[in-house]
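S.K.: The structure's right below; bear with me while I get my questions together.
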Amino acid sequence: MFRFRLYWTFTKKAFLRSAVYRFDVWSRLGSNLIFLLMWGSIWTALYAGREEAGGVSFESMLTYIVVSQFLTGVNGAGTPLWEIQEKVRTGDISLELMRPFDVPLRYLFADFGSVAFYILTALLPLYTVMFIFMDLTLPSGWETWALFIVSAFIGFLIRYCIEMSFGLLSFFLVETGGIVDVFYFAMSLLSGSVIPLWFFPGWLETMAIYLPFQGIYYIPNAIFIGKISGAEILLSLGVQLFWVAASYLLLRFVWNRASQKVVVQGG
Amino acid sequence: MPIIEVEHLMKDFMIAKRETGFLGAVKSLVKREHIKKEAVKDISFSINEGEMVGYIGPNGAGKSTTIKMLTGILVPTSGSVKVNGIIPYENRQENAKNIGVVFGQRTQLWWDLPTIESFELLKEIYQVPDKRYKGNMDTFTEILGLDEFLNTPVRQLSLGQRMRADIAASLLHDPPILFLDEPTIGLDVVAKEKMRTFIKEINRERSITVILTTHDMEDIEKLCERMILIDHGQKVYDGEIAVVKERFGKTRTLIVDLEESPHSLKLNGGEVYKEEASRFWIRFNRDEVSASGLIAQITETHNIKDLTVEEPAIESIISRIYQEGYQDLPETVKL
């Protein structure tokens with residue numbers, strides 16, 4: 001039996017909790033903007049005045065970068081990898097085993113709360129202004145908007161399952177530096193968050209297409225700028241759904257193993 | 001009727017062995033050896049409904065490990081645990097509804113939420129009916145004085161306030177069993193006393209079964225009738241505290257201040273084990289000789305200025321049991 005009300009309470013509390021950390025919201029928004037400016041300038045320089053590259057117009061490319069930074073903001077507002085590791089290390093997560101709820105779900109719903117707060121108070125106002133004053137490509141119909149939102153949400157779930165699974169590996173490993181590197185490498189490059197997949201060399205593109213990370217940034221973004229359209233969208237959503245199921249199973253597997261192996265500090 | 005049953009409980013931990021030196025470091029990159037540490041080895045006990053039991057032992061004895069197996073956080077290596085008819089680690093979420101847990105060393109409240117919101121969250125988590133929640137909150141607020149800090153975030157609470165909030169939080173869902181892991185650690189005398197009164201009251205009025213681990217023997221003396229003493233992962237003693245006190249409590253110490261400073265004091269039935277100028281510490285067995293008998297012997301040759309008779313504190317009895325074991329200890333012990 002799924003107790004929605006219980007998990008929803010976590011969403012509400014996390015929303016309220018975010019309000020306590022206003023400085024955190026502003027500093028995160030600040031760094032988000034800096035990265036946006038950086039990637040914007042880099043791509044402007046790379047296009048070097050050309051109207052089009054790789055079959056994509058400069059305007060679309062700029063839109064891609066803006067949407068990508070928006071999604072980075074959304075995904076970054078959840079419980080980050082280091083915090084999950086910290087909670088494993090201090091035993092906080094283990095102690096939650098003696099509460100009558102499912103721990104991975106409880107963190108997911110709490111993340112909904114903090115992400116919603118960040119979107120409403122910071123991301124949405126900023127990016128609305130950006131879309132009004134910059135020359136960016138907007139989806140033509142409401143269907144594309146809806147599909148983008150659905151796709152971005154599925155992407156968020158894929159990212160959550162993978163990030164949580166990676167974080168829970170701290171139960172088994174003492175040193176996790178390597179894990180963190182692999183995670184961030186995949187998250188920034190293979191997801192297409194900074195360089196769209198169509199600019200990848202053939203072999204890397206093939207690799208990225210067969211991995212779940214493209215479902216987090218590339219697919220929703222490609223839907224937004226119209227790089228993927230028509231029946232292709234449904235296919236991409238299908239791919240995302242496959243990966244959300246797979247990463248959810250991975251998370252369940254890691255969690256089950258981890259909760260059998262709990263070691264809480266102390267005699 | 002037993003509400004907690006533990007049989008032949010064992011818990012091993014594998015600890016990675018650290019090799020020393022450069023070669024050792026390289027070797028451990030490829031292959032790491034593990035050492036088995038037996039935190040709990042073969043512990044059995046059963047606790048009846050409504051009992052309040054002191055579960056004590058020195059640091060690293062396996063107290064917290066046992067508690068964690070009872071709460072379901074840890075999976076035993078072997079043996080069986082049953083808490084209110086449920087095997088905790090197999091059914092953590094069901095078990096959770098039957099237990100309340102307080103860890104003195106860490107809070108289980110949400111660090112950055114106002115205290116009241118942690119309570120509200122717990123109300124949802126444990127599906128406490130509105131009426132019950134209100135009733136409990138009223139009672140706890142009254143006894144523990146929660147109202148002075150309900151709107152303060154948990155991270156800003158003083159240790160005493162935090163402990164009060166934590167124990168109230170652990171009882172919101174009316175669990176039949178309460179685990180208290182060092183609930184008075186770090187508290188001042190007044191706060192300790194308040195905490196003890198509260199624990200005693202909830203045990204009596206709600207007949208909650210309480211298991212208490214602590215290093216403060218006063219907690220045990222004031223709260224529990226029964227104690228389970230463990231050391232090196234094994235049970236050393238399980239029974240009434242009064243029995244231990246009776247068995248080892250026969251030793252008395254007579255401290256006398258004399259008007260002069262004799263070189264020595266020879267007494268029948270008493271042993272001088274410490275002397276300092278004109279003050280003498282004399283140990284004797286209450287069953288063999290009376291204090292007045294000893295005093296009479298002393299006054300035959302000396303003038304007594306002042307005297308006191310001390311009985312052993314449970315604390316020193318227990319520290320002796322740790323050192324020498326329960327069975328091996330002579331009844332009249334040096335305390």
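S.K.: B:VAL40 - would you say it is outside the structural domain of B:PHE103 (by TED's automatic domain parsing), in a strand (DSSP E or B), surrounded by 12 or more Cβ atoms within 10 Å (Cβ to Cβ) and not basic (Lys, Arg)?
M.R.: yes
S.K.: Which of the numbered conditions does A:GLY78 fail, given that it passes all the others? Conditions: (1) surrounded by fewer than 21 Cβ atoms within 10 Å (Cβ to Cβ); (2) part of a loop (DSSP other than H, G, I, E, B).
M.R.: Tallying (1) surrounded by fewer than 21 Cβ atoms within 10 Å (Cβ to Cβ); (2) part of a loop (DSSP other than H, G, I, E, B), A:GLY78 fails exactly one: (1).
S.K.: Please enumerate the residues belonging to the range B:208-246 that are among the charged types (D, E, K, R) and in a strand (DSSP E or B).
M.R.: From the range B:208-246, those among the charged types (D, E, K, R) are B:216, B:218-219, B:221-222, B:225-226, B:231, B:235, B:238, B:240, B:245-246; that's our starting set.
Within the range B:208-246, B:ARG226, B:ASP231, B:LYS235, B:ASP238, B:GLU240 meet the criteria.
S.K.: Are any of the residues in the range A:159-172 open to solvent by 10 Å² or more (accessible area, probe 1.4 Å) and in a loop (DSSP other than H, G, I, E, B)?
M.R.: yes
S.K.: Looking at the range B:50-73, which of the residues that are more than 11 Å from the chain's Cα centre (by Cα) and not in a loop (DSSP other than H, G, I, E, B) is farthest from the other protein chains (Cβ to nearest Cβ)?
M.R.: B:MET52
S.K.: Filter the range B:116-147 for residues that are among the small types (Gly, Ala, Ser) and in a helix (DSSP H, G or I); which is surrounded by the most Cβ atoms within 10 Å (Cβ to Cβ)? Can you show your working first?
M.R.: Narrowing the range B:116-147 to residues among the small types (Gly, Ala, Ser): B:118, B:135, B:145.
Okay, now just the ones that are also in a helix (DSSP H, G or I), so B:118, B:135.
On the way: B:SER118: 25, B:GLY135: 13.
Checking each candidate, the answer is B:SER118.
S.K.: Next question, about the same structure. Would you pick out the residues in the range B:168-197 that are assigned to a loop (DSSP other than H, G, I, E, B), open to solvent by 10 Å² or more (accessible area, probe 1.4 Å) and in contact with a Ser or Thr (Cβ under 8 Å, 6 or more places away or on another chain)?
M.R.: B:PRO176, B:GLU182, B:ILE185
S.K.: Can I ask one more? Only strands (runs of 3 or more DSSP E) wholly contained in the range B:270-329 count here; list those with 2 or more residues that are under 30 Å from B:ILE228 (Cα atoms).
M.R.: So the answer is B:279-285, B:304-310.
S.K.: Checking B:GLY325 against (1) open to solvent by 70 Å² or more (accessible area, probe 1.4 Å); (2) small (Gly, Ala, Ser); (3) under 30 Å from B:ILE47 (Cβ atoms), which test does it fail?
M.R.: It is condition (1) that B:GLY325 fails.
S.K.: Take the conditions more than 8 Å from chain A (Cβ to nearest Cβ), over 22 Å from A:LYS13 (Cα atoms) and open to solvent by less than 10 Å² (accessible area, probe 1.4 Å) and apply them to B:PRO88. Does it pass?
M.R.: Yes, satisfied.
S.K.: Next up: Scan the range B:222-242 for residues that are touching a residue at least 24 places away in the same chain (Cβ under 8 Å) and surrounded by fewer than 16 Cβ atoms within 10 Å (Cβ to Cβ) and jot them down. Outline the logic, then answer.
M.R.: Of the residues in the range B:222-242, the ones touching a residue at least 24 places away in the same chain (Cβ under 8 Å) are B:222-238, B:241.
Passing the criteria: B:LYS222, B:GLU225, B:HIS232, B:GLN234.
The values are calculated or read from the model by the stated rules, or taken from the named source; none is laboratory data. Not measured: the values here are computed from a predicted model. Positions of Cβ are generated from backbone atoms using ideal geometry, with glycine treated the same way; all protein chains shown enter the neighbour counts. For the accessible areas, the whole protein counts, side chains as well, though only heavy atoms, and no ligand, DNA or RNA atoms are used. Shrake-Rupley method; radii C 1.70, N 1.55, O 1.52, S 1.80 Å.
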